[in-house]
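The values are calculated or read from the model by the stated rules, or taken from the named source; none is laboratory data. What you see is a predicted model, and the numbers here were worked out from it, not measured in a lab. Just so you know, the surface numbers come from the protein's heavy atoms only, side chains and all, with ligands and any DNA or RNA stripped out. Shrake-Rupley method; radii C 1.70, N 1.55, O 1.52, S 1.80 Å.
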Amino acid sequence: MFNNNIRINDNNIEATRTNDDIKIIPAGEGKVTFESVQFSGTSITSDDSSSININENLIVDGTVSVSGISTLTGAVTAGSTLAVTGAATLSNNLTVTGTTTLTTTNIDNLNFYDNYITSDSNADINIQAGGTGKVKFAAL
């Protein structure tokens with residue numbers, strides 16, 4: 001059913017009244033499907049794979065909530081606060097610039113907090129210089 005408010009012009013579906021939206025609304029449990037990508041309410045799904053690719057830059061102006069395992073490849077920049085509330089695994093280098101506010105930081109069996117370096121076990125804490133370097137202490 002068409003009326004004078006919508007027009008099909010070549011490959012375009014156009015609204016004929018100024019500032020009108022074009023809405024595609026399925027009935028009941030139906031979905032809007034473009035090839036195998038489906039839109040239903042606020043969800044985007046795919047029939048033919050386990051992932052949906054976004055091949056251009058993506059800007060999210062709200063909060064991002066990710067569940068499941070997430071893999072970030074390439075550089076990751078946090079322009080503000082980065083809060084990790086659970087376990088995090090880094091498989092390469094972590095570079096921190098600027099002022100940092102860390103509570104206890106655990107690396108392997110060592111703990112760093114304020115001006116203390118402690119161990120989780122009864123093992124010694126060894127400080128060794130690399131190559132021809134020396135371990136120097138300003139005061140003991």
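If the segment from residue 40 to residue 78 were pulled out straight at 0.36 nm per residue, it would be longer than the present Cα-Cα gap by 10.5 nm. Of all accessible surface on region 23-140 at a 1.4 Å probe, what whole percent is carbon and sulfur? Taking all protein chains in place, region 23-140 shows 50 percent carbon and sulfur surface.
For residue 33, the accessible surface of its heavy atoms amounts to roughly 70 Å² (probe 1.4 Å, protein chains only, rounded to the nearest 10).
Relative contact order of the chain: what whole-number percent is it, with Cα pairs under 8 angstrom and at least 6 residues apart? Don't skip to the end; give the middle numbers.
Values: 70 pairs, mean separation 8.1, N = 140.
Relative contact order for the chain comes out at 6 percent.
Apply the a/c threshold of 1.5 to the C-alpha gyration tensor of region 80-120 and tell me whether it is rounded, prolate or oblate.
On the way: a/c = 1.69, a/b = 1.26, b/c = 1.34.
The shape class here is oblate.
Please state the shape class of region 1-71: rounded when a/c is under 1.5, otherwise prolate if a/b exceeds b/c and oblate if not, all from the C-alpha gyration tensor. Before the final figure, lay out each step's value.
Working: a/c = 2.32, a/b = 1.89, b/c = 1.23.
In terms of gyration-tensor shape, prolate.
In whole Å, how far is the Cα centre of region 41-55 from that of region 87-103? Using only Cα atoms, the two centres lie 32 Å from each other. Take the alpha carbon gyration tensor of the chain, find the square roots of its eigenvalues, order them as a ≥ b ≥ c, and report rounded if a/c is under 1.5; if not, report prolate when a/b exceeds b/c, else oblate. In terms of gyration-tensor shape, prolate.
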